[in-house]
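The values are calculated or read from the model by the stated rules, or taken from the named source; none is laboratory data. These figures come from a predicted structure and were not determined experimentally. Neighbour counts are summed over all protein chains in view; Cβ atoms, including those assigned to glycine, are modelled from backbone coordinates with ideal geometry. With ligands, DNA and RNA removed, areas are computed over all heavy atoms of the protein, side chains included. Shrake-Rupley method; radii C 1.70, N 1.55, O 1.52, S 1.80 Å.
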Amino acid sequence: MGCDVHDVGGYLEGHPERSTLAGLRSLRTARVLAKDQVLTIEPGCYFVDFLLDRALADPELSKFFVVDRINEYRGFGGVRIEDDIIITESGTELMSLVPRTVEEIEGWMAGDDSFMANTKFLV
């Protein structure tokens with residue numbers, strides 16, 4: 001995969017420009033993907049106090065939060081499952097072999113790796 005390659009690239013000439021849309025404007029690059037490129041998809045859920053406080057103070061955003069539940073996770077940090085994929089001629093190939101569901105994760109933590117039998121490597 002490579003060393004010292006995280007978040008490199010930026011916005012290059014001849015590639016899509018930086019979006020101004022919320023949720024997309026923070027992306028560090030935009031590229032047209034090509035066969036044999038490898039990338040990581042990093043969905044995550046993080047509990048960042050200053051961002052939560054800002055959202056909870058905003059009447060438009062705060063209506064989407066259950067404050068008592070949010071407060072249970074303050075100080076937790078967050079969670080992320082990274083997927084490493086290879087761009088192929090017809091789509092992508094998944095290189096990551098990790099549990100995905102709550103049941104799979106709890107089973108794996110207890111020593112059960114049967115989730116691997118159900119893992120599909122082509123997406």
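Where does each of Met95, Met109 land when they are ordered by accessible area, with a 1.4 Å probe and the largest first?
So, going from the largest accessible area down, we get Met109, Met95.
Contour minus end-to-end for Ile105 and Ala30, with contour as 0.36 nm per residue of separation and end-to-end as the Cα-Cα distance?
Between Ile105 and Ala30, full extension yields 23.8 nm more.
Subtracting the Cα-Cα distance from 0.36 nm times the residue separation, let me have the gained length for Glu60 to Met95 in nm, one decimal. Before the final figure, lay out each step's value.
Details: separation 35, 0.36 × 35 = 12.60 nm, distance 3.96 nm.
That pair, Glu60 and Met95, stretches by 8.6 nm at full extension.
Percent relative contact order of the chain, based on C-alpha pairs within less than 8 angstrom and at least six residues apart?
With pairs under 8 Å counted, the relative contact order is 21 percent.
For the range 76-115 and the range 31-60, compute the distance between their C-alpha centroids and round to whole Å.
Distance between centres, Cα-based: 18 Å.
Between (i) 11.1; (ii) 10.1; (iii) 8.6, which matches mean projected area of the Cα convex hull in nm² calculated for the structure shown?
(i)
Can you order the peptides 54-65, 82-93 by their average number of other Cβ atoms within 10 Å per residue, highest first?
Working: 54-65: 10.8, 82-93: 13.2.
Sorting 54-65, 82-93 by mean packing, highest first, produces 82-93, 54-65.
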